[in-house]
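Okay, so here's the structure we're looking at.
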Amino acid sequence: MLARRVHAGNRNLNPVRGQPKDADLRVFSLHAPEVECIGKGKAHRPYEFGVKVCVATTLKRSKGGQFVTHVAALPGKPYDGHTLATVIPAIERQVGATLTRIIADAGYKGHNAPQSHRLKVYTSGQKRGMTEAIRREMRRRAAVEPVIGHLKADHRMGRNHLAHRIGDAANAVLAAVGYNFRRILAWLKLFVAFIQIAIISLFGTRQTAAAA
């Protein structure tokens, strides 16, 4: 089957641009045929090879940091806006609460969010329905970018060593779990440090008073 895809992809070239007419026939990796070519639209990195991953965080930073509330691999290179029909219900099931507002980047224009949430989605560059409070929240949207950077650089989301599409899905979830645990451990470390400082200051004051 893989050999047929490679052969068909090479024969099915567009003579003008040298690109396959059917993108589904292209094979970018023989040992991982599920790898896809994803256009980033950035000058320094126009393309990436792998699978799309949706990452959602809370809008406000909690005391422990910016936690990942939802992550999912999206094979097939779907349009970003056409993923909200499944992503929004999945987030609400996971957190056990109804989303009051969804802030997304410009790639989510023309989304297919559920009817109950269609007017709750705001994208970068949107003019209609924007209030000053929503504009302030829109500036907070960029907080997800460093989270994605940490997931890729520190938690192995940037290079997946698990096989097949099920491995892509598992790697995304494991990277998010590792990131969240790291945030929790950092908060616990700070919390224990505060307790130690309080205990030392309390007992240190009593010993000084007794010695006097």
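The values are calculated or read from the model by the stated rules, or taken from the named source; none is laboratory data. Quick caveat, the model's predicted, so the values are computed rather than measured. Glycine gets a Cβ as well: all are built from the backbone with ideal geometry, and neighbour counts include every protein chain shown.
Rundown of residues vs (1) touching a helix residue (DSSP H, G or I) at 6+ places or on another chain (Cβ under 7 Å); (2) at pLDDT 90 or above; (3) not assigned by TED's automatic domain parsing to the domain that holds A73, yes/no style:
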{"site": "R118", "(1), (2), (3)": "no, no, no"}
{"site": "Q126", "(1), (2), (3)": "no, no, no"}
{"site": "A142", "(1), (2), (3)": "no, no, no"}
{"site": "H155", "(1), (2), (3)": "yes, yes, no"}
{"site": "N160", "(1), (2), (3)": "yes, no, no"}
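Determine whether N14 is of a type outside the set (D, E), in contact with a strand residue (DSSP E or B) (Cβ under 8 Å, 6 or more places away or on another chain) and at pLDDT below 65. So N14 fits the description; yes.
Exactly one residue among E132, E92 is within 17 Å of V55 (Cβ to Cβ) and either in the same structural domain as R61 (by TED's automatic domain parsing) or touching a residue at least 12 places away in the same chain (Cβ under 8 Å) (or both), and that residue is E92. Just one of (1) farther than 30 Å from G50 by Cβ; (2) at pLDDT below 90 trips up V192, so point out which. The number of the failed condition is (2). Just give me the residues in region 129-155 being part of a loop (DSSP other than H, G, I, E, B) and over 27 Å from F181 (Cα atoms), in sequence order. Answer for region 129-155, where residues must be part of a loop (DSSP other than H, G, I, E, B) and over 27 Å from F181 (Cα atoms): G129, M130, T131. Filtered by the rule that a residue be modelled with pLDDT of 90 or more, out of contact with any helix residue (DSSP H, G or I) (no Cβ under 9 Å at 6 or more places or on another chain) and among the aliphatic types (A, V, I, L, M), region 80-96 gives A85, V87, A90, I91. On inspection, N171 passes the criterion of being within 20 Å of the chain's Cα centre (by Cα), modelled with pLDDT of 90 or more and surrounded by 15 or more Cβ atoms within 10 Å (Cβ to Cβ). Per the conditions (1) under 19 Å from A143 (Cα atoms); (2) surrounded by 12 or more Cβ atoms within 10 Å (Cβ to Cβ); (3) of a type outside the set (D, E, K, R), the sole criterion not satisfied by S62 is (2).
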